[in-house]
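Everything below concerns the one structure shown next.
The values are calculated or read from the model by the stated rules, or taken from the named source; none is laboratory data. Keep in mind that what you see is a predicted model, and the values were worked out from it rather than measured. All Cβ positions, glycine included, derive from the backbone under ideal geometry; neighbour counts span all protein chains shown. Just so you know, the surface numbers come from the protein's heavy atoms only, side chains and all, with ligands and any DNA or RNA stripped out. Shrake-Rupley method; radii C 1.70, N 1.55, O 1.52, S 1.80 Å.
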Amino acid sequence: MRIWAALLAALTLILSFGVASITGNRALGGVVLVAGGAVCAWMWWRIAGIWRAIACVAGAGVAFAVSHPLGHLITAWGSVLLVSAVTAAVAYALTPPSR
């Protein structure tokens with residue numbers, strides 16, 4: 001289950017940026033980001049408990065924020081892919097194996 005939560009976190013970041021880029025509507029990308037983040041938070045809470053879920057959500061939030069200035073250095077898509085991979089790895093590491 002923890003691999004799915006980690007992959008969903010990465011996919012949420014990628015899809016939200018893709019939706020915002022393709023449609024030109026940043027708010028729509030934000031809707032995708034919030035919806036995916038809510039599902040991830042719920043999954044992490046069920047898998048790992050409230051404190052690890054908060055840590056995972058905070059990590060994803062930091063990754064989202066870092067992706068913006070990083071995009072100026074390595075291209076927008078490069079930044080999104082990099083922070084998505086890091087988010088997935090951190091989320092995977094923070095959630096315990098299935099019981």
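For the reader, a short list of remarks on this structure follows.
- For beta carbons closer than 7 Å, sequence separation of 6+ or different chains, a first residue in the stretch 70-99 that is under 14 Å from Leu8 (Cα atoms) and a second that is at pLDDT below 95 and among the charged types (D, E, K, R), the qualifying pairs are Tyr92/Arg2; Thr95/Arg2; Thr95/Arg52.
- Of the residues screened, Val34 is not one that is assigned to a helix (DSSP H, G or I), free of Cβ contacts under 8 Å to residues at least 60 places away in the same chain, in contact with a Leu (Cβ under 9 Å, 6 or more places away or on another chain) and surrounded by fewer than 18 Cβ atoms within 10 Å (Cβ to Cβ).
- Pairs where the first residue, in the stretch 41-64, is under 10 Å from Thr95 (Cβ atoms) and the second is buried (at least 20 other Cβ atoms within 10 Å of the Cβ) and of a type in the set (S, T, N, Q), C-beta under 7 Å, 6+ apart: Trp44/Thr95; Ile47/Thr95; Ala48/Thr95; Arg52/Thr95
- Meets criteria (of a type outside the set (Ser, Thr, Tyr), touching a Gly at 6+ places or on another chain (Cβ under 7 Å), surrounded by 14 or more Cβ atoms within 10 Å (Cβ to Cβ) and assigned to a helix (DSSP H, G or I)) for Val80: no
- Ala6 vs. criteria in contact (Cβ under 8 Å) with a residue 24 or more places away in the chain and open to solvent by less than 60 Å² (accessible area, probe 1.4 Å): yes
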